[in-house]
Amino acid sequence: FAEIEFRDEETKDGIVMLCRDIHQGVERMSLRYRDELRRHNYVTPTSYLELLSTFKKVLGEKRNELGTAKRRLTVGLDKLNQTEKDVAVMKVELV
């Protein structure tokens with residue numbers, strides 16, 4: 001996560017703990033799966049790295065979506081402000 005920019009260290013620490021908890025939860029459920037169904041599901045360090053990679057990918061996609069939504073909102077607000085000014089000018093012209 002060194003190359004990912006977070007708002008603050010608290011957010012970063014929370015995400016790291018979340019990923020750790022998810023990985024450990026999968027390990028516990030894999031043991032339960034093995035005990036109940038007699039089938040193995042291996043959780044490896046590569047599994048954890050894949051979790052981190054997927055998280056980074058989804059985070060990037062969501063940040064892009066938010067950036068697009070923010071730009072659209074800004075453009076929409078700018079148009080509303082311009083329209084308000086145009087209407088004010090038209091009111092003066094009509095009076």
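The values are calculated or read from the model by the stated rules, or taken from the named source; none is laboratory data. Computed from a prediction, not measured in an experiment: that's the story for all the values here. Note that each Cβ is placed from the backbone with ideal geometry, even for glycine, and that neighbours are counted across all protein chains shown. What goes into the accessible areas is simple: the full protein's heavy atoms, side chains included, and nothing from ligands, DNA or RNA. Shrake-Rupley method; radii C 1.70, N 1.55, O 1.52, S 1.80 Å.
For segment 1-17, the set of residues classified as out of contact with any helix residue (DSSP H, G or I) (no Cβ under 9 Å at 6 or more places or on another chain) and surrounded by 11 or more Cβ atoms within 10 Å (Cβ to Cβ) consists of K12, D13, G14, V16, listed by residue number. If I filter segment 39-95 down to residues being outside any helix (DSSP H, G or I) and hydrophobic (A, V, I, L, M, F, W, C), which single residue comes out as nearest to E3 (Cα to Cα)? Residue satisfying both the conditions and the ranking: V43. Per the listing S30, S53, the residue uniquely open to solvent by 50 Å² or more (accessible area, probe 1.4 Å), at pLDDT 90 or above, out of contact with any helix residue (DSSP H, G or I) (no Cβ under 9 Å at 6 or more places or on another chain) and small (G, A, S) is S53.
Pairs please, first residue from segment 1-15 and under 17 Å from L51 (Cβ atoms) and free of Cβ contacts under 8 Å to residues at least 24 places away in the same chain, second anywhere and open to solvent by 40 Å² or more (accessible area, probe 1.4 Å) and not hydroxyl-bearing (S, T, Y), Cβ atoms under 9 Å, 6+ apart in sequence or on different chains. These pairs meet every condition: E3/K56; K12/F1. Here L80 meets the list (1) open to solvent by less than 90 Å² (accessible area, probe 1.4 Å); (2) modelled with pLDDT of 95 or more; (3) of a type outside the set (F, W, Y) almost entirely, failing just condition (1).
All of (1) open to solvent by 80 Å² or more (accessible area, probe 1.4 Å); (2) modelled with pLDDT of 90 or more; (3) charged (D, E, K, R) hold for D21 with one exception: (1).
Within segment 49-66, the set of residues being among the charged types (D, E, K, R) and touching a Phe, Trp or Tyr at 6+ places or on another chain (Cβ under 9 Å) comprises K56 only.
Yes/no matrix, rows are residues, columns are (1) modelled with pLDDT of 90 or more; (2) basic (K, R):
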site	(1), (2)
A2	no, no
R34	yes, yes
R38	yes, yes
A69	yes, no
R72	yes, yes
V75	yes, no
A88	yes, no
E93	yes, no
